[in-house]
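For reference, the structure is listed below as structure tokens.
Read the figures in this text as sums done on the coordinates, not as results from a lab. Since the structure is predicted, the reported quantities are computational estimates derived from the model, not experimental observations. FYI the Cβ positions are ideal-geometry reconstructions off the backbone, even for glycines, and counts take in every protein chain you see.
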Amino acid sequence: MKEMKKKDSDVPINPEKFKKQISVLGFRFSTSDQNDAHEFLVCLLGRLKKSLIAAKKGNVVEEEFLGKQENVIEFDDCAHNITNTQSFFTVSLPLVTNSCSRNSNPSCAVNLTDCLKHYTKKEKVEGKAFCLQCQEMRSATIETKFKSLPETLILHLKRYELQMMTKLNNQVTFPVENLNIKENDVTVSYDLFGVCNHFGSLRFGHYTADIKSETGNWYSYSDSSVSRLYDFPSSSSPSSSAAYIFFYKRRRPSVMFNEERSVHRRNPTQ
């Protein structure tokens, strides 16, 4: 991975060494068979986390990628509730909005922001839930809230219907800048810096990546081929039927310049 981060080389990197190391993640990643990029990513981050803890080298994986969410169950007939806290490396979003269902026409456009709103909206629990305080089954609602959001937010789209054995090719519109999400009822903004695309079906296909460079230019990576994306940043909300995993960087507020303190430093006698 250190070789892959080198900035002084314009030569494509042979990932053979990386591939051999990845084989320790599990048998399915040790062969040349096609695998799901999201499953691989979650597995990789989990193993990196464990390796860093074992080596006592800090936990940069958690610091960069780990978030926490609360699943709050509120019972209708009593004042009780249950709160479960879960950690996550990625957030998996269904392709469902108010105006477009994942079971409808695949050409129906979906908005990533609407997918996030659907993920966090309050919903009725199917059937009834068990209230521990009352020791009874009661009707209830469930709501997901983000307790803490990571520096790098990874959003994964549920494009595969395993029961139907099909892939959902809906066009998804997504913001390049200012993806706003609530963290403890406070709005947090994210900017896009990478997209993992999948072209193909449920059984086979090809992955590419669109990456924003440090200079602000966007590039498309397809195996050993790299090309400049001139049109990508021209739209504040591009759309794609191939976008599968989104990588967003948390926007931190800039430190405000204290003019009064600056004047005081220039005029120490005042």
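Out of the stretch 164-208, which trypsin sites (Lys or Arg not before Pro) are coil in DSSP terms and have no more than 16 other C-beta atoms within 10 Å? Before the final figure, lay out the partial values.
Details: sites: 167, 182, 203; in loops: 203.
Loop-located and lightly packed - 203.
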One finds the C-alpha centres of the stretch 64-88 and the stretch 161-197 to be spaced, in Å, by 22
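Suppose the chain between residue 92 and residue 39 were pulled fully straight at 0.36 nm per residue; how much longer would it get relative to their current alpha carbon spacing?
Stretched out fully, the residue 92 to residue 39 stretch lengthens by 18.0 nm.
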The pairs in 49/117; 20/158; 57/145; 17/50 lying past 24 Å Cα-Cα in this model are 49/117; 20/158; 57/145
Binned at 10 Å starting from 0, the alpha-carbon pair-distance distribution of the stretch 176-241 in whole percents comes out as 17, 42, 28, 12, 1
Each label sits 7 Å from Cα toward the beta-carbon; between residue 50 and residue 126 the label points are separated, in nm, by 3.2
As straight-line cross-link partners of residue 212, the qualifying lysines (C-alpha separation under 17 Å, not fewer than 8 residues apart within one chain) are 5, 6, 7, 249
